[in-house]
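Read-outs throughout are calculated quantities, based only on the coordinates presented, and are distinct from any laboratory measurement. The structure presented is a predicted model; accordingly, all values stated were derived computationally and were not measured. As a convention, Cβ positions derive from the backbone with ideal geometry for all residues, glycine included, and neighbour counts pool all protein chains shown.
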């Protein structure tokens, strides 16, 4: 999601001019127990983080790494931009209150966004949710994101789910070069998802999701002599979830891991003549550790790592610039550092681990970190806090989030509030609201009689 806010600011800024489609697509004994548990959590995090870092390091080519020693391109602004960045916006208030962390949080009706594999561990038979968020309201007042999610358990091991994400960009007036109005339009984007989750064991589940993406930013007007069109794409998610209960000196704890590669799909285009753009294929790795102090009080610690699996823009030579070999550049788009971004989807995903002009140092800056804390009392009331960090050269999104939740019977309500760390951030004071409904399976007379017999035995 790097650069997504800039994408929308540019789109709105261009509302009075002939639209540029490239822009448009662009938180004494009991204390000892807690300390011990936190120490174990840290050790687990450190081990997994080192493994992840090592894998990335191995994938870095020696030539690119050597390049970063000579010239530190990683100090320059070099954001990753994709089409349809709305797919990476956290749509629900619970995830929004946890700093956008959620790959390994306990499952709910909104698990599709973070990790569809979590549905295998949901303890209800059926549920749905409705979420709403005014977006970038510090800039404009008519951009918003709506999200609907639902799941249904087939049996003890299988769960299916569906979601609808709708993003409205408000009203835009298109004009020509002399300021004459061409048309008024309400750009919009949406995605429809369907997923299937299978619980392999009591500790591991896997999930796959299919997604149809529709993005209409121009309403079919002509741009540079070519008629624009709605962009369309089909994508898939592949995910896995693992959780392990652990008892520490009589206190029940739980460690969980989650991984999700989302939006693996075709490139998208808004005209027949322009190059296609990558959609935001994203790798999310998450960790969580739940501490149940007693039957009423619990605390969850969450940590997520996110990396876009799309090519990093290279550094190009300027016209008439002299290369180290003494050649004078006469043609544009000659790469000075980095790799050619005009590649296929699969190649782009692989290349994204080693193509940054600044080498390994810059690659590490492309990993966004989200940290969340979630406290529950009697499994009915919760307070949340989180922090999201993105490198200053990759978008500079840094913010604190606060949230609260309420659960009563089948009903749930969540609220989240975003506080930017950087000044003049368009995400300032972003709000999210979610309503959830969860239903237990309606038992037959025979099932109820069987339960009564077991209780009396």
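Remarks
- Cα convex hull, the stretch 164-234: 102 Å³ per residue, rounded to a whole number.
- Extended-chain gain in nm, criterion 0.36 nm per residue less alpha-carbon gap, residue 297 and residue 175: 38.1 nm
- In this rough spin-label picture, where each label sits 7 Å from Cα along the Cβ direction, the residue 325-residue 400 distance is 5.4 nm.
- Full extension of the chain between residue 194 and residue 125 gives 23.1 nm of extra length, using 0.36 nm per residue less the Cα-Cα distance.
- Rounded D (µm²/s) - the stretch 145-301, Kirkwood Rh over Cα pairs, Stokes-Einstein at 4 °C, 1.567 mPa s: 68
- A simple spin-label model places the labels of residue 273 and residue 210 3.5 nm from each other, with each point 7 Å out along Cα-to-Cβ.
- Percentage of interatomic Cα-Cα distances in the stretch 287-417 larger than 18 Å: 69
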